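For reference, the structure discussed in these notes is given below.
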Amino acid sequence: MVNVLIIGAGGQIPEVLIPLLEKQVKLKLTLFGRNATNLPYKGVTKISGDASNFSDLTNAIQNQDIVYMNFDNKSVTEMVIKAMNQTGVKRIIQAGVLSVYGEVAEPFATWNSQMMGGAVAHNRGVEALEISELDYTYMRMTWLYNGKQSDYVVSPKGEPFLGAQITRRAIAQFVLDNITGKRNDIKASVGLWEPCSENKPKPDF
């Protein structure tokens, strides 16, 4: 049995991800968030707590095998890393943002920079993960929308970021693929976008 913890379980990606994980008979799922006990899922463990509180985090992370963190905040990421080191948990997948290296290519780069307020996204979790000893996967996600498309393109660190959009369903599929061992993106910062969204000046939606 693989124990999986979702930090920020009330978010939009977990809405898609949790039902996929519930179908995995070899997974035991724990949901953590400010109001996790109010979430409408059955057959899972729910822990309400504050992700910036070390005690709350260590309580939730204890005995987990994989942590999925559904938001990108550097100071909270540092707290999560500390709690993981304390409890001996090594594997984390974090939802992050594009442009942390200034890697977004034109023509999309101009629109993205205008929307994000600059060509480089600073103070992100990847900065803490990359100097940690954890087995991390940082997802540099392009602009998200709701849809049934589950295919994704994975772009390694150091390559131009080309894609303008991706569904939350595809992000959930990527996370599921890493949790179940279909993929193994360890110590990796990966760009994620949907096929055929390359070289668009902005998202279609």
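Each reported figure results from applying straightforward, stated rules to the coordinates on display, with no laboratory input. Keep in mind it's a predicted model, so treat the numbers as computed, not measured. Counting neighbours? That spans all protein chains shown, and the Cβs are built from the backbone with ideal geometry, glycine included.
Just a few scattered comments:
- Here is the figure for segment 113-151: residues that are within 14 Å of the chain's Cα centre (by Cα), of a type in the set (Ser, Thr, Tyr) and within 21 Å of GLN12 (Cα to Cα) total 3.
- All of (1) under 30 Å from GLU198 (Cα atoms); (2) of a type in the set (Lys, Arg); (3) surrounded by fewer than 16 Cβ atoms within 10 Å (Cβ to Cβ) hold for ARG124 with one exception: (3).
- Comparison of PHE174, PHE161, PHE205 shows that the only residue that is under 28 Å from ILE61 (Cβ atoms) and of a type in the set (Phe, Trp, Tyr) is PHE174.
- At least 2 residues being farther than 18 Å from VAL4 by Cα is the threshold, and among the strands (runs of 3 or more DSSP E) wholly inside segment 29-131 those reaching it are 91-97.
- Among the residues of segment 60-72, the one identified as in contact with a Phe, Trp or Tyr (Cβ under 9 Å, 6 or more places away or on another chain) and farther than 15 Å from LEU29 by Cβ is ASP72.
- Subset of segment 1-28 [of a type in the set (A, V, I, L, M), within 27 Å of TRP143 (Cβ to Cβ) and either assigned to a loop (DSSP other than H, G, I, E, B) or without any contact (Cβ under 8 Å) to a residue 12 or more places away in the chain (or both)]: ALA9
- For SER99, the test of being touching a helix residue (DSSP H, G or I) at 6+ places or on another chain (Cβ under 8 Å), farther than 30 Å from LYS202 by Cα and not aromatic (Phe, Trp, Tyr) is failed.
- The one condition in (1) in contact (Cβ under 8 Å) with a residue 24 or more places away in the chain; (2) more than 17 Å from GLU15 (Cα to Cα) that MET69 fails to fulfil: (2)
- Complete set of residues in segment 176-195 that are among the β-branched types (Val, Ile, Thr) and more than 21 Å from PRO19 (Cα to Cα): ILE186, VAL190
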